[in-house]
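I have placed the structure first, in the form of structure tokens, so that the comments after it can refer back to it.
The values are calculated or read from the model by the stated rules, or taken from the named source; none is laboratory data. Everything quoted here is computed from the prediction, not taken from an experiment. Heads up, the Cβs are rebuilt from the backbone with ideal geometry, glycines too, and the neighbour counts pull from every protein chain shown.
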Amino acid sequence: MGDPKGFMTVPRKEAGYRPAKERIYDYGEVEQTLNEKDRQLQASRCMDCGIPFCHWGCPVNSKIPEWQDALYRGRKDEAYYILHSTNSFPEITGRVCPAPCEKSCVLAIHEESVTIRENECATVEQAFEAGIIKPNPPQIRTGKKVAVVGSGPAGLSAADLLNRAGHSVTVFEKNDAIGGLLRYGIPDFKLNKGVIDRRLEIFVDEGIIFKTNVKVGEDISRDDLLLEFDAVVLAVGAEQPRNLPVEGRDLDGVHYAMDFLTMQNKTLAGQSFSDVEHISAKDKRVLVIGCGDTGSDCVGTSIRQRAKSVTQIEILPKPPETRPDNNPWPYWPNTMRTSSSHQEGCERRWSLSTKRFIGENGKLKQAEIIEVEWSKDENGRWVMNEVPGSNEMIDVELVLLAMGFTQPVQAGLLDALGVEYDPRGNVKADDNKQTSVKKIFAAGDVEKGASLVVHAIEAGKVAARNVDAFLRDVDN
Ligand SMILES: Cc1cc2nc3c(=O)[nH]c(=O)nc-3n(C[C@H](O)[C@H](O)[C@H](O)COP(=O)(O)OP(=O)(O)OC[C@H]3O[C@@H](n4cnc5c(N)ncnc54)[C@H](O)[C@@H]3O)c2cc1C
Ligand code: SF4
């Protein structure tokens, strides 16, 4: 432990966001960085608990007390190596992870937790700056070939570890750029795409082959895939968005959030769209339906596109500000979350259901919403009831549906491979990420359902470990 009294003498200090009135005029990352001295002081707040609950809270099992100590002592290389030993992309989780580790930090029982996520990001950025992070290709190749289908965090995590184990890895991606939702879902103001490219350059130098614009199942048949590769990791995400099949859904102006967000990310990457294709919030009253990360990203993007106003509604009740009794530390707190985008100016409302969209000449003009109440039925299940007479019409020119994702797209590759699905429609995989088909493994949102970057990275790790064992088993 760096300083045994650090947690009593040093208050938590966050780098914070750039001022809202400045950042809404650009798509640069909103989060700032602390100077090196402050970072070391923040690291000194870690108490090196006998049972580090932060470690339990982190899905990739980050050895937090160990790298915080190295950070405090200025041992940049050691801090980075410890961090990287459990996570291929600490520079990405350091930016976008909701940090369940901080919620389970022992300090968080009475005080403000240690600044784990920001320290993680600072550690890896310092290591890049110091030239510590260099390509380290495997010395020996096994001669085994692995196909990773999908290049989001799950696919990239699996590809990195399998390559490091000496297998020859090819990553196939149907989009024109690598990264999955890191590239075309999460906005640049949360994750600068140069951060992904910097790591990809290292992967290329280490020998991973990337093939973009290749839709497996169409551009490469199932048979060719299974013939050419000794093992396959399916990391195709959960791309089926939840729809809102109400009257007026087909009006011009009602779109899935991902169509809107992808277009903005592609625009920033230099691509252009015709006026007909382009989904823009400029000068429009925007209604975002859904309050998760995707909804919040729609808010921030609409504000940057100069929307006239942004309203975000959610069907569930407003979460409490503090932990309720049945949601104690060290579990994830189901409390109110306010993102940088919310702070930039949007109206947020809860317990509202959307009844229909109303248009004129095919164009969206209004949305009808209604208040709902939630209660439990005799079986303890939550039931939603509309509040009679609480209907409201709101004027709106753009609706963004951000109500989550239901499952992976089954038609095409997954159906052709004949993998079994679980009751929620995800690819069924056991604890080793093995699917029902020999030599095919699955990792990330495709088998867990839409989740978080850190869970996808962990799933990629588990898949890589078991693919490696499978390939080394002489009976296979
Ligand atoms: C808008 C948005 C914001 C988010 N923000 C956060 C956040 O701030 N923090 C956080 O932790 N999580 C966030 N998430 C969730 C997180 O991004 C996902 O959980 C994570 O990316 C899942 O990783 P994955 O590798 O399983 O799948 P994905 O990232 O979805 O990648 C799957 C890839 O597979 C490709 N693919 C699909 N089919 C084929 C095929 N047949 N052939 C070739 N390629 C194929 C897809 O094109 C895609 O690139 C966000 C999600 C969204 C939508
Ligand atoms: S990956 Fe997420 S949960 Fe793990 S240490 Fe980093 S911020 Fe915390």
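Looking only at region 318-367, residues that are loosely packed, with under 12 Cβ neighbours inside 10 Å, assigned to a loop (DSSP other than H, G, I, E, B) and free of Cβ contacts under 8 Å to residues at least 12 places away in the same chain come to 6 in all.
Over 30 Å from residue 413 (Cα atoms), within 19 Å of the chain's Cα centre (by Cα) and free of Cβ contacts under 8 Å to residues at least 40 places away in the same chain - does that describe any residue in region 117-126? Yes: one or more hits. Checking 244, 251 one by one, the residue that is closer than 25 Å to residue 410 by Cβ, more than 16 Å from ligand 1 (Cβ to nearest atom) and touching a residue at least 40 places away in the same chain (Cβ under 8 Å) is 244 and no other. Output the residues belonging to region 283-292 that are under 15 Å from residue 315 (Cα atoms) and either near ligand 1 (Cβ under 9 Å from one of its atoms) or modelled with pLDDT of 95 or more (or both). Of everything in region 283-292, those that are under 15 Å from residue 315 (Cα atoms) and either near ligand 1 (Cβ under 9 Å from one of its atoms) or modelled with pLDDT of 95 or more (or both) turn out to be 287, 288, 289, 290, 292.
Once region 77-89 is narrowed to residues that are within 13 Å of ligand 2 (Cβ to nearest atom) and part of a helix (DSSP H, G or I), the residue that is farthest from the chain's Cα centre (by Cα) is 79.
Taken over region 286-317, the criterion of being assigned to a loop (DSSP other than H, G, I, E, B) and closer than 22 Å to residue 450 by Cα is satisfied by 290, 291, 292, 314, 315, 316, 317. Scanning region 87-104 for residues that are without any contact (Cβ under 8 Å) to a residue 60 or more places away in the chain and more than 12 Å from ligand 1 (Cβ to nearest atom) turns up 90, 101, 102.
Is there a residue being farther than 30 Å from residue 438 by Cα, assigned to a loop (DSSP other than H, G, I, E, B) and touching a residue at least 40 places away in the same chain (Cβ under 8 Å) anywhere in region 369-388? Taking every residue of region 369-388 in turn, none turns out to be farther than 30 Å from residue 438 by Cα, assigned to a loop (DSSP other than H, G, I, E, B) and touching a residue at least 40 places away in the same chain (Cβ under 8 Å). For region 48-76, a residue qualifies if it is touching a Leu at 6+ places or on another chain (Cβ under 7 Å) and assigned to a loop (DSSP other than H, G, I, E, B), and exactly one does: 62.
Condition check ((1) in contact with a helix residue (DSSP H, G or I) (Cβ under 9 Å, 6 or more places away or on another chain); (2) more than 21 Å from residue 458 (Cα to Cα); (3) surrounded by fewer than 21 Cβ atoms within 10 Å (Cβ to Cβ); (4) of a type outside the set (Val, Ile, Thr)) across all residues:
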| site | (1), (2), (3), (4) |
| --- | --- |
| 35 | no, yes, yes, yes |
| 41 | yes, yes, yes, yes |
| 49 | yes, yes, yes, yes |
| 67 | yes, no, no, yes |
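Can you find a residue in region 268-279 that is under 20 Å from residue 403 (Cα atoms) and of a type outside the set (Lys, Arg)? Yes, region 268-279 has at least one match. Would you confirm whether any residue within region 455-470 is within 28 Å of residue 254 (Cα to Cα) and surrounded by 21 or more Cβ atoms within 10 Å (Cβ to Cβ)? Checked region 455-470: no residue is within 28 Å of residue 254 (Cα to Cα) and surrounded by 21 or more Cβ atoms within 10 Å (Cβ to Cβ).
Take region 142-168 and flag every residue that is surrounded by fewer than 23 Cβ atoms within 10 Å (Cβ to Cβ), away from ligand 1 (no atom under 16 Å from the Cβ) and either of a type in the set (A, V, I, L, M) or without any contact (Cβ under 8 Å) to a residue 60 or more places away in the chain (or both). Listed by number, the residues that qualify are 143, 164, 165, 166, 168. Determine if region 400-416 includes at least one residue that is buried (at least 23 other Cβ atoms within 10 Å of the Cβ) and part of a loop (DSSP other than H, G, I, E, B). Yes, that holds for at least one residue.
Restricting attention to region 156-192, the residues being assigned to a helix (DSSP H, G or I) and in contact with a Pro (Cβ under 9 Å, 6 or more places away or on another chain) number 4.
If you go through region 432-453 and pick out every residue that is within 16 Å of ligand 2 (Cβ to nearest atom) and either at pLDDT below 95 or surrounded by 24 or more Cβ atoms within 10 Å (Cβ to Cβ) (or both), you end up with 2. Residue 70: at pLDDT 95 or above and either within 27 Å of the chain's Cα centre (by Cα) or closer than 30 Å to residue 297 by Cα (or both), yes or no? In short, no.
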